[in-house]
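S.K.: A single structure is presented below for examination.
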There are 4 protein chains.
Amino acid sequence: MSAELTYAMIGGGIGANIGLVHRRAIALDGRARLVAGALSSTPERSAESAKELGLDPERSYGTYQELFELESNREDRVDFVSIVTPNDTHYPIAKMALQHGFHVVLDKPATHSSAQAQELCDLAESKGLVCCVTYNYTGYPMIRQARAMVRDGVLGNIRKVFLEYHQDWLATDLESQGHKQASWRVDPTKAGLGGALGDIGTHAENLISFVTGLSMESLYANLQAFVPGRTLDDDVSVMIRYTGGAHGILTASQVCIGESNGISLRVYGDQGGLVWYQDSANDLRVTKVGANPVLYTRSGPGLHRDAVVSSHTPPGHPEGYLEAFSNIYRGAIDRILSLGSGGERADLSRLAELIPGMDDGTQGVRFVEKCVESSQKNTQVNWA
Amino acid sequence: MSAELTYAMIGGGIGANIGLVHRRAIALDGRARLVAGALSSTPERSAESAKELGLDPERSYGTYQELFELESNREDRVDFVSIVTPNDTHYPIAKMALQHGFHVVLDKPATHSSAQAQELCDLAESKGLVCCVTYNYTGYPMIRQARAMVRDGVLGNIRKVFLEYHQDWLATDLESQGHKQASWRVDPTKAGLGGALGDIGTHAENLISFVTGLSMESLYANLQAFVPGRTLDDDVSVMIRYTGGAHGILTASQVCIGESNGISLRVYGDQGGLVWYQDSANDLRVTKVGANPVLYTRSGPGLHRDAVVSSHTPPGHPEGYLEAFSNIYRGAIDRILSLGSGGERADLSRLAELIPGMDDGTQGVRFVEKCVESSQKNTQVNWA
Amino acid sequence: MSAELTYAMIGGGIGANIGLVHRRAIALDGRARLVAGALSSTPERSAESAKELGLDPERSYGTYQELFELESNREDRVDFVSIVTPNDTHYPIAKMALQHGFHVVLDKPATHSSAQAQELCDLAESKGLVCCVTYNYTGYPMIRQARAMVRDGVLGNIRKVFLEYHQDWLATDLESQGHKQASWRVDPTKAGLGGALGDIGTHAENLISFVTGLSMESLYANLQAFVPGRTLDDDVSVMIRYTGGAHGILTASQVCIGESNGISLRVYGDQGGLVWYQDSANDLRVTKVGANPVLYTRSGPGLHRDAVVSSHTPPGHPEGYLEAFSNIYRGAIDRILSLGSGGERADLSRLAELIPGMDDGTQGVRFVEKCVESSQKNTQVNWA
Amino acid sequence: MSAELTYAMIGGGIGANIGLVHRRAIALDGRARLVAGALSSTPERSAESAKELGLDPERSYGTYQELFELESNREDRVDFVSIVTPNDTHYPIAKMALQHGFHVVLDKPATHSSAQAQELCDLAESKGLVCCVTYNYTGYPMIRQARAMVRDGVLGNIRKVFLEYHQDWLATDLESQGHKQASWRVDPTKAGLGGALGDIGTHAENLISFVTGLSMESLYANLQAFVPGRTLDDDVSVMIRYTGGAHGILTASQVCIGESNGISLRVYGDQGGLVWYQDSANDLRVTKVGANPVLYTRSGPGLHRDAVVSSHTPPGHPEGYLEAFSNIYRGAIDRILSLGSGGERADLSRLAELIPGMDDGTQGVRFVEKCVESSQKNTQVNWA
């Protein structure tokens, strides 16, 4: 499998699990090759990580600034950059990348403020560049099946949505024990306005948007910091009113002991309902009013094209998190290639159309801001 | 099995499913015998129902007033009355029953107003009578195991509680099709202030209280009436702040297509978490911080006495709704017997201690009132 | 609920769990009343049990012989007897009961030898008496739905059947610790030819027969006694060839640690397949060839009348073991009543038609004999 | 990620799903790069496939013979070959590969006869080459956890093993509709002695061996060809007696409608039991005698090193089939590297130690032969 594109990674050096996840998600389909990087926060550690990953030392950069400046002058400059640093650096890095003409794949939450996010959105737009935000859970084939069915009206008018994203890894104060991943996530200067809200609540908001296409009208949020000493939330519950009358419950928590990374989506309309759980990610249960529940399964009968093109293996051969994640990169790569060639590649374009963009990233940051505002005021706030 | 007590039923005649459920829940343990009734809303239908159930015609009464007056003069007067009529009649019937000295088992929600409920509470207290409210889901052995573990501190300080009670039978306007059970439930003059809120939201509130013992400090509720034409809610979501800092999410809905009668309870503390689903009612999953989840099973190893005494069959022989329901009556009967004899019967007293009382019933009605107030004002309201 | 019939129980005194289960299964529907008994193996303990159950001392008999002789002379003689003694006494008790003109409900395995069972079968037939064997698992509504669908050809020609009945309570030598229930089950003089084979393997065989109606042509069995010191099997595996070419796997074990009482049924034909697990007894998953799996649920849409009449509660209100068991007694009572009145009672007759009879009991004993023969010879044996 | 090794693929051209699976399983960890191939059965189609995969045309060979001859003369010759052709060609291809000094990764079943398999085994041994058979299901982290716990004695002496591998894709005669994958699998000249037996029964046999280490003493098998016109089995059931007294039930079927690719493993000893299902592959339920079931989860607490090193993502981020498959290649690559360098690489050697070798492959083919023999004779046959 010869890669069609090359990329650089910012962050994600040795010990940074999320970088490894991104690299594997890309590698799974073998369509882009890592050739450059500014992998860690110091030049020394960056070099060490680059060596471990087998990068050409010439293309292992000490800082992201250096990377963009030098790469942009190469004939074989990378096609895109994958940014997997802590939240506070997303904005300057992505901005510089776009300014130097690189396509961007950016981890969520996109930025610290929605103004920053909007700026990146506009910048990418004006430059004609792809700026994809890794709301990776939208890559699950059966989430895409859910989206297709909701949007095709199988459930009728949507009434109620439940989205849960419950973890437990921050149930104790790991941050006081030198746990690097925990430490920056509970630090407002690094993480931003939201704790669990930013880290996983944005995934939750995006999943609802992706599947239902509903527009928020107002919301009421309660943020809690259960672990003593925290200033950022480690648990958030939100009630959302959508245009058209639908109502949503979104809960994101990092203190639910016994839930490693439990995500569930349930959507109910006047004609039917559907439920999806990440721990049985290959199944989607759909019930039409008055009928028995039907189990749609990945690569099984009766699936929408969006689910079919997002699948890697035959039915019954379980796919998981990495396969879903890879679909984001597959779509981003398709989109980059289509821009390059001046037209969509017909057989792959559906993947490209489904990827989350910087507009989704901007909505996520705005969601954080609105939830924080509602919780502080203890009132419902309007979205617009 | 010779019954230890006799009872009369008010409501629950032919075609009223809930009356049959109560009778079966009582019959399962064979400790009380139905001997009298005012079973339907007209004397003619009451007589017909009584005949079907094999009651002595002399003790088949045309109205509840007649029943209480005539039964109270019999030497073999019934020991207690089971009231399973629509909500609007609970108060006058229960009041009259207590005034005539009968112990009462009352369906939920207890009354239309918390003032009425409190009055019944006081009346029962002053008369030394049992007034049990059939929050039947508290009768599940593994719910009682959950309660024991939470109260024994196994989960540490409680942080977060999720209680869902989702049905779908009112997802369409059955009331316009002459569906009797639907019709009164969507009629405020019959059902009271709450629709789904009163019908199942009160069960949900009580389950949280029963298991955790947490006191509500404030709540924010959104009530929705999704089916056109309804004035009462068919869907309600509530965020609750508890004394001590715990936070709760309670959702009750009758429009979640695909959920027949789905109840789940999840409780998370700083030392552990537990989850229970009615559709696997014989299991309780408990996870202590840093450890693997452990599956407690009904009649299995390591159970609290409260679960043991609430169980009917050996492990692996599934118990369900009726067995749970029967535990409420077992406890009520024990309590009545203990009052009669002037002392607790040692081996059964635990069942009697666990039954929901009129104070729980009062709290449920108050919960309805507070949620309606919060939803109308669209603000958080204080409990006290 | 005034009982329509009266019954006596043989065995099932204090401490005998199975007697309690039978009494509760009967009580649930309130159609038969226990009025007489020979409840334990000694007159003293029988009297004590009778007192505990509130029997009229006059109808508490010291022995079953006494019971049949005296009851048969009473004007208010019991309508039927429920026999819940250890296996070795089934034959003489049931024979005497039938000879005295009592209808019989008999625990499984019916007798020690198929010759005895056939004799009882013939005796009941010649006397025009009901002789029902409590293959209680056939009482589950969704097992009856499975039966109806298989027999209506929904799955096409049956190819493969899997029936598992796995327990763990005999994984250690409880018998050496004075455990009464274990002790007689591992004793060939009490239990008969089969250990797990007789105790639960007969349930397994009957479930296959009940659901599929397939006729055995030959079988190959391996019996194991894993716990040291046992002479009877505590684990058995059987491969069965059915007339018409279907193939079955039946496994019954009492040493599968972690399985309390796990029963599953899977049937596959050339047009579809179905799966049922006792631990989600209210569901039945059916897949037609080329289509998605559909979940049929108790009291849900699209059920066969056999499932409907076997159900006690609305959808989503879980039913379990006792409700299933009660359906056997409901059917037996219907059948007794229909005989008494000279005709079927139309609305209940389906329950009566579905109960296991002494012919099923005979087949079960024959199955034990054939499996023992196959295992001893270590060859396949023919059924006929 | 710069690849450490290069490989060639034989078979697996366009439209051959299994080749894609192997390539993705390798790509996931980015440690080997595809640089050569003889991808299809004709030189033309091979060239087309090679182009699609971006191979250097010079290293796209028309036949495997050509590949081995020319590659073996290159300085940059591939390190190993991955053989993913239909069964009948495994033997000649693998033999020639080994003779030319290439390490081999070979699809299962290894060969048509155990004599051929043994010859390959000896050849690899004598040449000092790796010859790994892709029993990929052994790559699941929780299967490796099961293995470690069984071998550490957590379950005590093993008594009973259940292994099921049930599919449904051959429930109809796809072969008559020109379905390429079906056609060769039902053709004895291509598939060998076994149909379902060879295709998936060998996986099943290997999973038992891998986890338990038990040695077969004798077996009794029934092979069925349910779909009219087939000469090879599409369904097989086997009872196995192991040295030491354990008993096993292995069933493999390709006609179980509703089961896409359902694999389950259950092992019971005198001290405990464990259960694993592929459709919840990240969980392993372990029950010690007298205790409650404990859920071990991938990347969760208390795991054996074998599970830890086999995991790609944090807890709660589901892994599936490809991740498991990749562990086989990771181990094979480690092993090849260790041979190259003259010693084990300490931190990776565990993966290398766990891979299935040609001895396992040989046992699998022998298992096919023994089952066919037993089924034809309709008797138990000895393993040795």
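S.K.: Hey, could you check region A:35-54 for residues that are of a type outside the set (Gly, Ala, Ser) and at pLDDT below 95 and say which is farthest from residue D:5 (Cα to Cα)?
M.R.: A:42
S.K.: Continuing with this model, one more query. Whether any residue in region A:73-96 is within 25 Å of the chain's Cα centre (by Cα) and among the small types (Gly, Ala, Ser) is what I want to check.
M.R.: yes
S.K.: Consider only pairs whose beta carbons are under 9 Å apart and that are at least six residues apart or on different chains; among these, list those whose first residue lies in region D:260-277 and is without any contact (Cβ under 8 Å) to a residue 40 or more places away in the chain and whose second residue is of a type in the set (Val, Ile, Thr) and crowded, with 23+ Cβ neighbours inside 10 Å.
M.R.: Cβ pairs passing all conditions: D:275/D:267; D:275/D:286; D:275/D:287; D:277/D:263.
S.K.: Determine if region B:188-199 includes at least one residue that is in contact with a strand residue (DSSP E or B) (Cβ under 8 Å, 6 or more places away or on another chain), aliphatic (A, V, I, L, M), assigned to a helix (DSSP H, G or I) and more than 9 Å from every other protein chain (Cβ to nearest Cβ).
M.R.: The answer is yes; a qualifying residue exists.
S.K.: State whether one or more residues within region B:49-71 are in contact with a Leu (Cβ under 7 Å, 6 or more places away or on another chain) and more than 14 Å from chain C (Cβ to nearest Cβ).
M.R.: Among the residues of region B:49-71, at least one is in contact with a Leu (Cβ under 7 Å, 6 or more places away or on another chain) and more than 14 Å from chain C (Cβ to nearest Cβ), which makes the answer yes.
S.K.: When you check residue D:249 against the structure, is it closer than 20 Å to residue C:251 by Cα, more than 14 Å from chain A (Cβ to nearest Cβ) and either of a type in the set (A, V, I, L, M) or in contact with a strand residue (DSSP E or B) (Cβ under 7 Å, 6 or more places away or on another chain) (or both), yes or no?
M.R.: For residue D:249, the condition - closer than 20 Å to residue C:251 by Cα, more than 14 Å from chain A (Cβ to nearest Cβ) and either of a type in the set (A, V, I, L, M) or in contact with a strand residue (DSSP E or B) (Cβ under 7 Å, 6 or more places away or on another chain) (or both) - is met.
S.K.: Scan region D:104-116 for residues that are of a type outside the set (Ser, Thr, Tyr) and either under 20 Å from residue D:183 (Cα atoms) or in a helix (DSSP H, G or I) (or both) and jot them down.
M.R.: Those that are of a type outside the set (Ser, Thr, Tyr) and either under 20 Å from residue D:183 (Cα atoms) or in a helix (DSSP H, G or I) (or both): D:107, D:108, D:109, D:110, D:112, D:115, D:116.
S.K.: Now for a separate question. Residue check: is residue D:245 in contact with a Phe, Trp or Tyr (Cβ under 9 Å, 6 or more places away or on another chain), of a type in the set (Gly, Ala, Ser) and surrounded by fewer than 24 Cβ atoms within 10 Å (Cβ to Cβ)?
M.R.: When the stated conditions are applied, residue D:245 passes them.
S.K.: Condition test on residue A:171, is it in a loop (DSSP other than H, G, I, E, B), more than 23 Å from residue A:85 (Cα to Cα), of a type outside the set (Ser, Thr, Tyr) and modelled with pLDDT of 95 or more?
M.R.: yes
S.K.: Can you spot a residue in region A:203-212 that is modelled with pLDDT of 95 or more, within 14 Å of another protein chain (Cβ to nearest Cβ) and touching a helix residue (DSSP H, G or I) at 6+ places or on another chain (Cβ under 8 Å)?
M.R.: Yes, because at least one residue in region A:203-212 is modelled with pLDDT of 95 or more, within 14 Å of another protein chain (Cβ to nearest Cβ) and touching a helix residue (DSSP H, G or I) at 6+ places or on another chain (Cβ under 8 Å).
S.K.: Here are B:235, B:187, B:173: which of them is without any contact (Cβ under 8 Å) to a residue 60 or more places away in the chain and crowded, with 24+ Cβ neighbours inside 10 Å?
M.R.: B:235
S.K.: In region B:209-222, how many residues are hydrophobic (A, V, I, L, M, F, W, C) and surrounded by 24 or more Cβ atoms within 10 Å (Cβ to Cβ)?
M.R.: Counting residues in region B:209-222 that are hydrophobic (A, V, I, L, M, F, W, C) and surrounded by 24 or more Cβ atoms within 10 Å (Cβ to Cβ) gives 2.
S.K.: Right, next: Answer yes or no as to whether residue B:165 is in contact (Cβ under 8 Å) with a residue 60 or more places away in the chain and under 22 Å from residue A:287 (Cβ atoms). Write out each step before concluding.
M.R.: Values: in contact (Cβ under 8 Å) with a residue 60 or more places away in the chain: yes; under 22 Å from residue A:287 (Cβ atoms): yes.
Yes, satisfied.
S.K.: May I ask you to say which residue of C:10, C:14, C:18 is at pLDDT 95 or above and more than 9 Å from chain B (Cβ to nearest Cβ)?
M.R.: Of the residues listed, the single one that is at pLDDT 95 or above and more than 9 Å from chain B (Cβ to nearest Cβ) is C:10.
S.K.: Related question: For region D:268-285, how many residues meet the condition of being within 19 Å of the chain's Cα centre (by Cα), at the interface with another protein chain (Cβ under 7 Å from one of its Cβ atoms) and closer than 22 Å to residue D:156 by Cβ?
M.R.: 0
S.K.: Can you tell me which residues in region C:79-104 are among the polar types (S, T, N, Q) and more than 21 Å from residue C:184 (Cβ to Cβ)? Lay out the reasoning, then the answer.
M.R.: Of the residues in region C:79-104, the ones among the polar types (S, T, N, Q) are C:82, C:85, C:87, C:89, C:99.
Within region C:79-104, C:99 is the sole residue that qualifies.
S.K.: I need the full set of residues from region B:286-310 which are more than 7 Å from every other protein chain (Cβ to nearest Cβ) and out of contact with any Gly (no Cβ under 7 Å at 6 or more places or on another chain), in order please.
M.R.: B:298, B:299, B:303, B:304, B:305, B:306, B:307, B:308, B:309
The values are calculated or read from the model by the stated rules, or taken from the named source; none is laboratory data. Since the structure is predicted, the reported quantities are computational estimates derived from the model, not experimental observations. Positions of Cβ are backbone-derived with ideal geometry, glycine not excepted, and every protein chain shown enters the neighbour counts.
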